[in-house]
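The values are calculated or read from the model by the stated rules, or taken from the named source; none is laboratory data. Here the structure is a predicted model, which is why all the values come from computation and not from measurement. Every residue, glycine as well, gets a Cβ built from its backbone with ideal geometry; the counts of neighbours run over all protein chains shown. These area figures cover heavy atoms from the full protein model, side chains too; ligands, DNA and RNA do not enter into them. Shrake-Rupley method; radii C 1.70, N 1.55, O 1.52, S 1.80 Å.
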Amino acid sequence: MSLKVLDPGLQLLLVGKPAFGLRNQGIPWGGPADWVSMAISNSLMGNPYHTPALEVCLAGPTLEASEDTALGIFGARFHMEVNRKPIRASNTIYLEKGQTLRILDCDSNTR
């Protein structure tokens with residue numbers, strides 16, 4: 001899978017398995033804010049639950065597929081589009097080489 005980040009949005013993070021047991025060395029646990037969504041998304045792709053993933057906060061990135069790519073998207077409901085056509089959240093999507101995924105604003109209540 002190859003994605004090129006055209007615009008990172010408000011906050012785009014690469015998250016994975018937390019670093020448990022290292023707090024005495026000043027390294028916090030870290031990891032995703034929503035473990036369940038990361039595990040479900042990885043399951044959709046046939047990956048172990050802790051495989052690194054991109055985590056989006058409030059307003060998302062614009063990503064371009066450098067090759068044919070499958071993505072598991074799960075969690076908060078964002079408005080999204082592929083090549084300017086709206087798509088549904090919480091599913092698996094397929095991008096062909098050169099297609100652009102825009103993750104727009106979040107539809108969830110953030111208060």
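Quick check on region 39-73: of everything there that is touching an Asp or Glu at 6+ places or on another chain (Cβ under 8 Å) and open to solvent by 60 Å² or more (accessible area, probe 1.4 Å), which residue is farthest from residue 99 (Cα to Cα)?
So, considering only residues that are touching an Asp or Glu at 6+ places or on another chain (Cβ under 8 Å) and open to solvent by 60 Å² or more (accessible area, probe 1.4 Å), the one farthest from residue 99 (Cα to Cα) is 58.
Those residues that are closer than 12 Å to residue 2 by Cβ and touching a Leu at 6+ places or on another chain (Cβ under 6 Å), I need them from region 62-92; list them, please.
Scanning region 62-92 gives 63, 64, 65, 69.
It is to be established whether one or more residues within region 15-38 are of a type in the set (Gly, Ala, Ser), surrounded by 15 or more Cβ atoms within 10 Å (Cβ to Cβ) and out of contact with any Pro (no Cβ under 7 Å at 6 or more places or on another chain).
For region 15-38, residues of a type in the set (Gly, Ala, Ser), surrounded by 15 or more Cβ atoms within 10 Å (Cβ to Cβ) and out of contact with any Pro (no Cβ under 7 Å at 6 or more places or on another chain): present.
Looking at region 66-80, can you tell me whether even one residue there is among the basic types (Lys, Arg) and under 17 Å from residue 12 (Cβ atoms)? If you could, list the steps in order and put the result at the bottom.
If we filter region 66-80 for residues that are among the basic types (Lys, Arg), which is where we start, we get 77.
Filter again for under 17 Å from residue 12 (Cβ atoms), leaving none.
Looking through region 66-80, none of the residues is among the basic types (Lys, Arg) and under 17 Å from residue 12 (Cβ atoms).
Rundown of residues vs (1) part of a strand (DSSP E or B); (2) touching a His at 6+ places or on another chain (Cβ under 7 Å), yes/no style:
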position: 5; (1), (2): yes, no
position: 9; (1), (2): no, no
position: 14; (1), (2): yes, no
position: 17; (1), (2): no, yes
position: 48; (1), (2): no, no
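Among the residues of region 52-95, which ones are of a type in the set (S, T, N, Q) and at pLDDT 85 or above?
Of region 52-95, the ones of a type in the set (S, T, N, Q) are 62, 66, 69, 83, 90-92.
Once the filter is applied, which keeps residues that are of a type in the set (S, T, N, Q) and at pLDDT 85 or above, region 52-95 yields 62, 66, 69, 83.
So which pairs qualify, if the first residue must be in region 86-97 and open to solvent by less than 30 Å² (accessible area, probe 1.4 Å) and part of a strand (DSSP E or B), the second must be modelled with pLDDT under 85 and small (Gly, Ala, Ser), the Cβ gap must be under 6 Å, and the two must be at least 6 apart or on different chains?
That search, which allows pairs on different chains as well, returns nothing.
Find all pairs meeting these conditions: Cβ atoms under 6 angstrom apart; at least six residues apart or on different chains; first residue within region 33-62 and under 14 Å from residue 14 (Cα atoms); second residue among the hydroxyl-bearing types (Ser, Thr, Tyr) and part of a loop (DSSP other than H, G, I, E, B).
42/49; 42/51
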